[in-house]
């Protein structure tokens with residue numbers, strides 16, 4: 001098949017980018033033709049399709065691009081003319097590309113599917129979070145984004161977010177997209193709660209290249225691990241506060257805005273900060289850990305770190321928030337705790353430390369469940385059978 005993948009950026013910036021680039025590799029390795037549509041950006045990787053990509057955002061474009069500007073329309077149309085895709089698979093496209101590309105493709109009779117990496121369809125600021133708490137006010141009143149100034153840029157940003165949400169409303173987006181592919185039931189339920197038609201959704205969990213996790217050692221050492229960005233919403237402050245009071249060693253992998261502060265605060269405690277690492281450096285630390293903790297305090301969708309950990313036979317202690325609990329079989333592949341609750345987190349860390357997990361069974365089950373081979377069969381089946 002000829003598949004056009006669209007995403008704002010084309011480098012390993014975040015989960016949406018990693019997903020699309022891995023899907024590109026996976027589709028090509030299975031004999032499919034793939035084109036890419038993204039925005040020009042200094043950190044993008046080289047691509048034969050970059051001549052079709054619209055220019056990087058500017059201060060002026062920030063007030064026009066979210067609504068579908070002429071450059072995006074012209075260049076996307078040229079790519080459709082030249083590549084002639086059978087399917088357009090959208091990812092994170094709002095603002096920098098805009099859903100106008102869904103309408104252009106759909107009006108040509110091209111199948112359009114959309115993987116939902118966040119809750120932008122129902123929340124102008126992507127997260128459904130306000131002041132650290134779950135918020136659904138915009139589900140029924142988009143002006144709430146202005147009242148609460150939820151967007152970057154305060155009032156001007158909030159106004160653009162409001163106008164963007166009004167233009168790309170659920171009626172218009174459902175008409176332009178044949179099927180939404182949320183990676184978690186949580187994300188599907190969130191959008192449905194926001195007024196979308198349940199028939200438009202099919203949950204398709206993220207995948208992993210089994211080769212990167214094959215033959216895990218299953219030999220565990222006396223430490224547990226955190227893997228992720230060091231930011232407030234990830235719950236790393238709560239985790240470090242609890243870890244400092246426990247006799248077990250915590251290894252922290254990742255960088256972010258809180259890194260220097262946390263290093264200084266906990267330098268005399270049993271917490272080791274390794275900083276940002278690549279996969280070859282991460283794997284031996286993760287597979288030898290007693291367990292991994294994902295202490296998020298915002299509603300994660302379908303975190304790849306959980307899948308990677310389980311596929312290496314490392315159980316996961318996860319916050320009971322967003323799509324995290326869907327990935328954990330309580331008592332068998334890990335446990336969940338009350339997000340943001342230090343007391344419950346401490347109690348569950350102690351339970352995880354002594355719990356007799358079957359590491360081999362965890363690895364085998366996860367590698368089968370999240371196999372990229374299984375995923376490509378599922379997604380190509382969807383491409384071929386989605387109703388236009």
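The values are calculated or read from the model by the stated rules, or taken from the named source; none is laboratory data. Here the structure is a predicted model, which means the values were calculated and not measured. Ideal geometry is used to build each Cβ from the backbone, glycine not excepted, and the neighbour counts take in all protein chains shown.
Per this entry, residue 25 is counted among residues that are farther than 23 Å from residue 62 by Cβ, within 21 Å of the chain's Cα centre (by Cα) and surrounded by fewer than 17 Cβ atoms within 10 Å (Cβ to Cβ). The single residue among 84, 143 that is more than 26 Å from residue 15 (Cα to Cα), touching a helix residue (DSSP H, G or I) at 6+ places or on another chain (Cβ under 8 Å), assigned by TED's automatic domain parsing to the domain that holds residue 190 and surrounded by fewer than 20 Cβ atoms within 10 Å (Cβ to Cβ) turns out to be 143. The residues of the range 194-228 that are touching a strand residue (DSSP E or B) at 6+ places or on another chain (Cβ under 8 Å) and surrounded by 19 or more Cβ atoms within 10 Å (Cβ to Cβ), listed by number, are 196, 201, 204, 207, 208, 224, 225, 226, 227, 228.
The condition of being closer than 30 Å to residue 304 by Cα, surrounded by 23 or more Cβ atoms within 10 Å (Cβ to Cβ), within 17 Å of the chain's Cα centre (by Cα) and at pLDDT below 85 holds for only one of 128, 123, that being 128. Counting the residues of the range 147-177 that are modelled with pLDDT of 85 or more, touching a helix residue (DSSP H, G or I) at 6+ places or on another chain (Cβ under 7 Å) and farther than 17 Å from residue 96 by Cα gives 3. Taking the criterion of being without any contact (Cβ under 8 Å) to a residue 24 or more places away in the chain and either surrounded by 14 or more Cβ atoms within 10 Å (Cβ to Cβ) or in a loop (DSSP other than H, G, I, E, B) (or both), the residues of the range 28-49 that qualify are 31, 40, 42, 46, 48.
When residues of the range 96-109 are filtered for being surrounded by fewer than 22 Cβ atoms within 10 Å (Cβ to Cβ) and touching a helix residue (DSSP H, G or I) at 6+ places or on another chain (Cβ under 7 Å), how many remain? Final tally of qualifying residues: 6.
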